[in-house]
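Have a look at the structure below before the remarks.
The values are calculated or read from the model by the stated rules, or taken from the named source; none is laboratory data. Keep in mind it's a predicted model, so treat the numbers as computed, not measured. These accessible areas exclude ligands, DNA and RNA; they are computed on the full protein's heavy atoms, side chains included. Shrake-Rupley method; radii C 1.70, N 1.55, O 1.52, S 1.80 Å.
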Amino acid sequence: MAITAVGVTTLYYFFVGVGILLIGVGFGGESFFTNAAVGLLAGALSLSVVVAPLLFVTGIAAWRVVPPSQRYGGAIGGLLAMALAYLVAGAVAVSLAPVYDVATGSPLVDSVIGGIGIIFVAFLFSSWIAFPASILTGTLYERSLDE
């Protein structure tokens, strides 16, 4: 699941990069493309450092919950691992909002709503690739155990 997290993050940033390049064609200039490429690479690396361990842990938890005898257990385990990762990431983001508010003195409601918004947007923009990839990875993992 950790490899899936890195793969999904890379694929997601690839699609975002292509979109930025298509939009950037209208703006022109080398600095736009250089800044976009560096920003996308930094974003993909930093997100992979957080998401890969999270999915590794949720993958272990999912394999403990889904019995090996379960029909389509690999697909179910992969789907469960990804869903747990989204839930854990959302809970951490929302629960850290009060800590940020106390540290900066900003209003609590704004950062909680902002945290929920970030999780919602992240889910919308990444789930279309994350769930199918996790199902595929779970299925491949299950088949590797059978051999």
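Couple of notes before you dig in:
- Degrees between helix 30-65 axis and first principal axis of the chain (Cα, 0 to 90, nearest 10): 30 degrees
- Accessible area of the chain belonging to carbon and sulfur atoms, whole % at 1.4 Å probe: 77 percent
- Compared with the dominant principal axis of the Cα atoms in the chain, helix 108-146 is inclined by about 40°.
- Within the chain, helix-based [θ] at 222 nm, where runs of 4 or more DSSP H residues each add -39,500 (n - 2.57), nearest 500: -33000 deg cm²/dmol
- Computed with the Debye formula from one identical point scatterer per Cα of the chain, without solvent, the log10 of I(q)/I(0) at q = 0.13, 0.17, 0.18 Å⁻¹ comes to -0.70, -0.99, -1.05.
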